[in-house]
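The values are calculated or read from the model by the stated rules, or taken from the named source; none is laboratory data. Please read these numbers as outputs of a predicted model, since none were measured by experiment. Cβ placement follows ideal geometry from the backbone for every residue including glycine, while neighbour counts extend to all protein chains displayed. All accessible areas refer to the heavy atoms of the entire protein, side chains included, with ligands and DNA or RNA removed. Shrake-Rupley method; radii C 1.70, N 1.55, O 1.52, S 1.80 Å.
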Amino acid sequence: MARLAVKECATQIGKTVELAGWVDVRRDHGKLIFIDLRDETGVVQMVVTPKNGALYKEADRVRPEWVISVKGEVRARPEGMQNEKIATGSVEIGVTEFVVLNPAETPPFDIAGDGYDIGEEIRLEYRYLDLRRKRLQKNLRLRPEAVKIVRQFLGEQKFINIETPLLTKSTPEGSRDFLVPSRMQPGKFYALPQSPQQYKQLFMIGGFERYFQIARCIRDEDLRSDRAFEHTQIDIEMSFVTREDITRLVEEMIIKTAEHFGRTIKSKPFPVFTYSEAMEKYGADKFDMRTNEEKQQGILAYAWVVDFP
């Protein structure tokens, strides 16, 4: 029997399924033990009765975050006991087989919440536990989805995706290079790229008029709230174009990606400010045009700043 994803249980009423995952919650109601089983797709309620003594005894000792495997029959929950807040809230699993794959110690912090109230250092020390948090799961799943949309959009616009080397020659950039010693040439070093700058020029000269890359950029710079050793950028290069061609393309890409995730953009097309206008109106060339109410509503606001000195 193939293991089923938790979210699929809602359509399997009357069938026997095999599930595996983490114990999210365990509740003892006297003669009944309820266990909420969690995998990457969701949570489903399981019911264990004293009918099978050994199975009941095994279920009685489990605690949150234990890893278990179960088999059981999917059945509709009794009327009035359904949970509309979750996708599997209309069903439960009557457990017939139960195996503890791995017990777990009590976690050092609560995994159920957003985690904002927990110190950064302890969250990073137990990063593997923090990553089980719904908020972080959502964030990490959102990124590849956004990258997929960007790749599809640029592909439809006749761009070719070309990857460039990570070991390269040092070129003047805005920061310092991380260096990698060369085994074959003692005393000499490769640089890790701050951006794919020199390769862009090679491609353009070589006749690739539209190229892009989701590029990893590595810079040895002082760490600040908006600076890290590594970041990823959407790198786009176009030949025979004007500034307006570039802004139109990037604007369409941003709008398509943001609206895919249901986000509202304050102004379309994006307003355009000269550097002087931005400094006069906002006192900075990196500013936020939203009201406090719009920030609470999750509205996005983009603008172009042009004609830098």
Would you check which residues across region 189-214 are crowded, with 16+ Cβ neighbours inside 10 Å and assigned to a loop (DSSP other than H, G, I, E, B) and list them?
-> LEU192, PRO193, GLN194, SER195, PRO196
Among the strands (runs of 3 or more DSSP E) confined wholly to region 15-57, which include 2 or more residues that are touching a Lys or Arg at 6+ places or on another chain (Cβ under 6 Å) and within 30 Å of ARG135 (Cβ to Cβ)?
-> 16-29, 32-39
How many residues does region 67-85 hold that are part of a strand (DSSP E or B) and either open to solvent by 80 Å² or more (accessible area, probe 1.4 Å) or small (Gly, Ala, Ser) (or both)?
-> 5
With respect to VAL44, is the statement that it is open to solvent by less than 40 Å² (accessible area, probe 1.4 Å), under 26 Å from ASN139 (Cβ atoms) and touching a helix residue (DSSP H, G or I) at 6+ places or on another chain (Cβ under 9 Å) true?
-> yes
Among the residues of region 136-173, how many are touching a residue at least 40 places away in the same chain (Cβ under 8 Å), out of contact with any helix residue (DSSP H, G or I) (no Cβ under 6 Å at 6 or more places or on another chain), farther than 30 Å from ASP39 by Cα and open to solvent by less than 70 Å² (accessible area, probe 1.4 Å)?
-> 6
Qualifying position, being part of a loop (DSSP other than H, G, I, E, B), within 26 Å of the chain's Cα centre (by Cα), more than 30 Å from THR257 (Cα to Cα) and not aliphatic (A, V, I, L, M), among PRO107, PRO165, PRO172, PRO186 = PRO107
Output yes when any residue across region 285-292 is aliphatic (A, V, I, L, M), closer than 23 Å to GLU145 by Cα and open to solvent by less than 70 Å² (accessible area, probe 1.4 Å), and no when none is.
-> no
For region 215-229, name all the residues that are open to solvent by 40 Å² or more (accessible area, probe 1.4 Å) and either more than 31 Å from the chain's Cα centre (by Cα) or under 12 Å from THR164 (Cα atoms) (or both).
-> ARG216
Output for Cβ contacts, cut-off 9 Å, separation at least six or different chains, first residue at positive phi and in contact (Cβ under 8 Å) with a residue 12 or more places away in the chain in region 221-240, second open to solvent by 50 Å² or more (accessible area, probe 1.4 Å) and assigned to a loop (DSSP other than H, G, I, E, B), reads PHE240/GLU209
Looking only at region 86-104, count how many residues are part of a loop (DSSP other than H, G, I, E, B) and over 16 Å from TRP66 (Cα atoms).
-> 5
Single match in ARG176, ARG133 (criterion: touching a residue at least 40 places away in the same chain (Cβ under 8 Å) and either open to solvent by 60 Å² or more (accessible area, probe 1.4 Å) or closer than 30 Å to ARG61 by Cα (or both)) = ARG176
Find the residue count for region 84-119, including only residues that are over 25 Å from ASP60 (Cβ atoms), among the acidic types (Asp, Glu) and in contact with a helix residue (DSSP H, G or I) (Cβ under 8 Å, 6 or more places away or on another chain).
-> 1
Under 6 Å by Cβ, and 6 or more places apart or on different chains, what pairs join a residue from region 270-289 that is closer than 16 Å to PRO309 by Cα with one that is open to solvent by 80 Å² or more (accessible area, probe 1.4 Å) and part of a loop (DSSP other than H, G, I, E, B)?
-> THR274/ASP307; TYR275/ASP307; TYR275/PHE308
How many residues are under 18 Å from GLN198 (Cβ atoms) and touching a strand residue (DSSP E or B) at 6+ places or on another chain (Cβ under 7 Å) if we restrict to region 227-251?
-> 5
